[in-house]
C-alpha cells in the first residue's frame, strides 16, 4: 500500500480531461470561501465519471471552473485544467466561448432558469448550432428538429415554436440535453439532471443519457447526490466533501468496498431495495464545516465516529487502498495498527 495522492485514472489511456490541484474560491465581504480545495480528476475517452456528495461539497463549482462560468466574485486561485493537453485556465474568454457547447457541453441544474423564457425552443437551439457549426438557418433548424427527436421529444416541429414555460419539467430537461449534445461535444457535464423530476421521468432521463453515450461515445461527468443513479451509470466515482475529494475509484470500489467514513455514511443513509428486511436509515450526524474557516485537519473529523488526534491536527492525503482506489482517511495509513 502506497502513501500519498493518487490519480482517479491509472490506466494508460487518453486523458481527455485532467484537473490538477484545482483551487477555486469565492471572495465575499466576510472573507474567502474555499469552495474547491486541491481537487485532481482525470477523465478518459468514452468514460462516465460520477461526482457525489452533500450540497455545498464543491461538485458543481468544480465543473463550473472547468467551463469558466463562475460568478463575478469567484476565481480559480491555482491549479490547471487540461482539455486534450491544453490548459483551459489560460484560455481567453473568446476561446472559451468557442469551446463551450462545441467541445464541452453542459446540462445545467435547473432547466427553467437555464433556458431563456423570452425565446422559443427553436430560437435557442438554432442559435447555438449556427454559432458553433456554421450552418445556415434552414440546416440549423433541421438539425435542431433532429436533436429534439433524438432526445425523444414528441412532435419536435411543434415544440420548436413553443416557449420554455409551455413545456413540462421533463421536457425542458430533454431540451437542455439536446442543446448540450447538438454539436457532438467530447464531454457532456450533467449537473443534477434529475433534480425536481418525478421518479419515472428521472429514469427516462438517465436511460436517455445512457443511450446517447453508447451511440455517440461522448464522455459524461454526472454531478448528483443520487447514489442509485451513479451505481447504474458511472464507471468511476469521486466522493467530495468540503471542497475536496475524500474517496475515488471504480463504482464497484465505492459501493462494495468503501474506505472513507463519509462514503460509508452516505451509503448507510440510502435505502437498499435489494435487502429483504427493512433497515433503519442512519443519517450522518452534524453539519458540514464553514468553508470561510475550514479546519486545519480532516474536514469530516467533527462528524466522524473514528476520528483520532491526528485527524484534528493534519489533513490526510489520498491513500492508495487498491488499484485506482484512493481514500483520504488516516484509517488507511499503512502504519496504522490493525486494532485501531
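The values are calculated or read from the model by the stated rules, or taken from the named source; none is laboratory data. Keep in mind the model is a prediction, meaning the values are calculated, not measured. Here Cβ is always computed from backbone atoms with ideal geometry, including for glycine, and neighbour counts include all displayed protein chains.
In the range 103-124, which residues are assigned to a helix (DSSP H, G or I) and either without any contact (Cβ under 8 Å) to a residue 24 or more places away in the chain or out of contact with any strand residue (DSSP E or B) (no Cβ under 9 Å at 6 or more places or on another chain) (or both)? The answer is 111, 112, 113, 121, 122, 123, 124. Since residue 185 meets every condition but one in (1) touching a residue at least 60 places away in the same chain (Cβ under 8 Å); (2) touching a helix residue (DSSP H, G or I) at 6+ places or on another chain (Cβ under 8 Å), which condition does it not meet? The single condition residue 185 does not satisfy is (2). Just one of the listed residues (290, 305, 323) is out of contact with any strand residue (DSSP E or B) (no Cβ under 7 Å at 6 or more places or on another chain) and without any contact (Cβ under 8 Å) to a residue 40 or more places away in the chain, namely 290.
Regarding residue 125, is this residue closer than 23 Å to residue 223 by Cα and in contact with a helix residue (DSSP H, G or I) (Cβ under 7 Å, 6 or more places away or on another chain)? Answer is no for this residue.
Return yes or no: is residue 175 touching a residue at least 40 places away in the same chain (Cβ under 8 Å), in contact with a helix residue (DSSP H, G or I) (Cβ under 6 Å, 6 or more places away or on another chain) and in a strand (DSSP E or B)?
Answer is no for this residue.
For the range 85-98, the criterion of being without any contact (Cβ under 8 Å) to a residue 60 or more places away in the chain, more than 28 Å from residue 245 (Cα to Cα), out of contact with any strand residue (DSSP E or B) (no Cβ under 6 Å at 6 or more places or on another chain) and crowded, with 16+ Cβ neighbours inside 10 Å is met by no residue. On the stretch given as the range 326-338, residues that are in a loop (DSSP other than H, G, I, E, B), over 23 Å from the mean Cα position of the chain (by Cα) and either crowded, with 22+ Cβ neighbours inside 10 Å or in contact (Cβ under 8 Å) with a residue 60 or more places away in the chain (or both) total 2.
For every residue, the table says whether it meets (1) farther than 26 Å from residue 251 by Cα; (2) in contact with a helix residue (DSSP H, G or I) (Cβ under 7 Å, 6 or more places away or on another chain); (3) at pLDDT below 95; (4) surrounded by fewer than 20 Cβ atoms within 10 Å (Cβ to Cβ).
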| residue | (1), (2), (3), (4) |
| --- | --- |
| 3 | no, no, yes, yes |
| 20 | no, no, no, yes |
| 35 | no, yes, no, no |
| 52 | no, yes, no, no |
| 66 | no, yes, no, no |
| 82 | no, no, no, yes |
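Among the residues making up the range 126-166, those that are surrounded by fewer than 19 Cβ atoms within 10 Å (Cβ to Cβ), part of a loop (DSSP other than H, G, I, E, B) and without any contact (Cβ under 8 Å) to a residue 40 or more places away in the chain are 134, 135, 136, 154, 155.
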